[in-house]
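Asks: Submitted below is the structure of interest, expressed as structure tokens.
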Amino acid sequence: MTKPHYKRVVLKLSGEALAGTQGFGIDSKMIESIANQIGEVITLGVEVAVVVGGGNIWRGVSESAKGIDRATADYMGMLATVMNALALQAGLEKLGVESRVQTSIEMRQVAEPYIRRRAIRHLEKRRVVIFAGGTGNPFFSTDTTAALRAAEIEAEVILMAKNKVDGVYSADPVLHPEATKYDHLSYIEILQQGLGVMDSTASTLCMENNIPIIVFSILEEGNIKKVVMGDQIGTVIGG
Ligand code: UDP
């Protein structure tokens, strides 16, 4: 059997990915599918850290427009990511996949606080580590959290799971069916062309730390395994 391409990965799950087709909240079928796919790569011996988003429950920028100040709305968004993390942990537990949730904002009754060395130890023991609470700071995103945590734990790649697209396109393929999919892009291209893959803070952090990003669709079962095995699906962003 061929060996996985990566030893340690960060999987970025947007809130949208957890919402599935309903577009909001948490879809138990999506949780089940994602947990299955994570379990599959754990069996291959890959160390998996997950950064969860919260946009399916609360998104700071759009909510702040409705009258709550931005910092408060962002803290609410960070709390939303914790709900997603717990849902994913419950899904993994059902399959017998060991996991730990670590939060950037302390809530010890619910999860461990984020401690870098402890997270690495969990990974070495083949436990899935779910990073919740974003960076713990308003005005940031969970994409930036994925870049930050990947750099901290020395992950080799960020697997950016999407539920609307299967890679990066020249334009939004939903609105522009003629848009073409890229196999490979540089960080600079992402930044200069403003391609909506991740925010510029996250892209810059990945570029400075030389962390490649693979954008792919989570909707097809088995895709996480394919990416981890080095199959060319989706778009690779690198130097
Ligand atoms: N957020 C934040 N700081 C962080 C990460 C997240 O303030 O470090 C807030 C922000 O309001 C954001 C929300 O949490 O809108 C949900 O995160 P995000 O939008 O990144 O989730 P996703 O788009 O991946 O579902």
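Asks: Counting only C-alpha contacts under 8 Å and six or more residues apart, can you give the relative contact order of the chain as a whole percent?
Replies: 23
Asks: Output wanted: per-residue J couplings in Hz (rounded whole) for segment 53-66, from phi through Karplus 6.51 cos²θ - 1.76 cosθ + 1.60, θ = phi - 60°, x for Gly and Pro.
Replies: x, x, x, 6, 10, 7, 10, x, 4, 6, 6, 5, 5, 8
Asks: For labels at Asn210 and Glu178 in the simple 7 Å Cα→Cβ model, what's the distance in nm?
Replies: Taking the two extended label points, one gets 4.1 nm.
Asks: Also, quick follow-up: How would you rank 61-69, 224-232, highest first, on the average number of other Cβ atoms within 10 Å across their residues?
Replies: 224-232, 61-69
Asks: Which entries in Lys66/Lys94; Lys7/Lys162; Lys125/Lys164 show an alpha-carbon gap greater than 30 Å?
Replies: Checking Cα-Cα distances, Lys66/Lys94; Lys125/Lys164 exceed 30 Å.
Asks: Then there's this: Tell me which residues come under 5 Å, amide H to amide H, from Leu11 once H is placed; ignore anything under 5 positions away on its chain.
Replies: When sequence neighbours closer than 5 places are left aside, the close amide H contacts are Ala49, Val50, Val51, Leu159.
Asks: Another one. For the chain, what class follows from the C-alpha gyration tensor (a ≥ b ≥ c being the square roots of its eigenvalues): rounded when a/c is under 1.5, otherwise prolate if a/b is larger than b/c, else oblate?
Replies: Since a/c stays below 1.5, the shape of the chain is classed as rounded.
Asks: Tell me the carbon and sulfur percent of the accessible area for the chain, rounded to whole percent, probe radius 1.4 Å.
Replies: Using a 1.4 Å probe with all protein chains present, the chain comes out at 52 percent carbon and sulfur.
Asks: Also: Once amide H atoms are placed 1.01 Å from N in the peptide plane, what residues at a sequence separation of 5 or more from Ser217, or on another chain, have their amide H within under 5 Å of its amide H?
Replies: Residues meeting the amide H criterion: Lys162.
Asks: Give the accessible surface of segment 1-106 per residue, rounded to a whole number of Å², with probe radius 1.4 Å and ligands, DNA and RNA excluded.
Replies: For segment 1-106, the solvent-accessible area averages 46 Å² per residue.
Asks: Same structure, new question: Please list, in order along segment 103-113, the HN-Hα scalar couplings obtained from phi with the Karplus expression 6.51 cos²θ - 1.76 cosθ + 1.60 (θ = phi - 60°), rounded to whole Hz, x for Gly and Pro.
Replies: Computed from phi, the couplings for segment 103-113 are 10, 7, 10, 4, 8, 4, 6, 9, 7, 6, x Hz.
The values are calculated or read from the model by the stated rules, or taken from the named source; none is laboratory data. Remember, predicted model here, so these are calculated numbers, not experimental data. Cβ coordinates were reconstructed from backbone atoms using ideal geometry, including for glycine residues, and neighbour counts include every protein chain displayed. Please note that ligands, DNA and RNA were not included when accessible areas were found on the heavy atoms of the full protein model with its side chains. Shrake-Rupley method; radii C 1.70, N 1.55, O 1.52, S 1.80 Å.
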